[in-house]
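What follows draws every value from the coordinates through simple rules; no lab data is involved. No experiment lies behind these values; they were computed from the predicted model shown. So basically every Cβ, Gly included, is an ideal-geometry build from the backbone, and we count neighbours across all protein chains shown.
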């Protein structure tokens with residue numbers, strides 16, 4: 001399976017697991033740990049994968065520079081995933097189809113990174129970019145993720161990084 005094929009497969013697994021969040025709260029078969037604002041999940045099949053995930057603390061939507069209310073979005077999630085062939089991949093699910101050809105900006109305490117988009121997901125462009133973003137997330141207190149939908153609504157989601165390092169270490173240890 002290609003690098004991007006694995007990412008697409010993981011996004012499907014993540015969406016399935018996180019859409020069942022109320023069930024997981026009672027029967028946490030895949031959720032193995034929670035470190036404040038970040039949770040750790042493990043999937044054993046078809047191959048072992050681990051990920052940490054968080055939901056935004058604040059979401060702001062705008063169009064033409066003006067606030068927009070009533071915007072309907074799916075799950076909004078920031079992830080770091082571990083696979084047997086790769087370690088520490090950053091991705092973002094915006095909850096809507098991104099504007100074709102657009103990028104998503106991740107601002108971590110003033111340091112900015114671009115993620116490329118495909119459908120409803122955005123990823124870092126390389127393992128080196130993943131490593132830089134993860135290092136910034138470990139040192140930061142929040143991540144502000146800004147994207148543009150195909151409508152074109154600009155979304156700005158703020159994620160807490162409280163517990164990020166502990167969750168990252170837990171996932172990395174479980175998926176060695």
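With both labels modelled 7 Å from their Cα along Cα-to-Cβ, the residue 162 to residue 132 distance reads 3.0 nm. Of interest is the spacing of the C-alpha centroids, which for the range 47-104 and the range 118-176 amounts to 8 Å. For the pair residue 66 and residue 85, label points projected 7 Å from Cα toward Cβ lie 4.9 nm apart. Please find the FRET efficiency linking residue 109 to residue 48, where r is the Cβ-Cβ separation and R0 is fixed at 30 Å, and quote it to the nearest 0.05. The formula returns an efficiency of 0.40 here.
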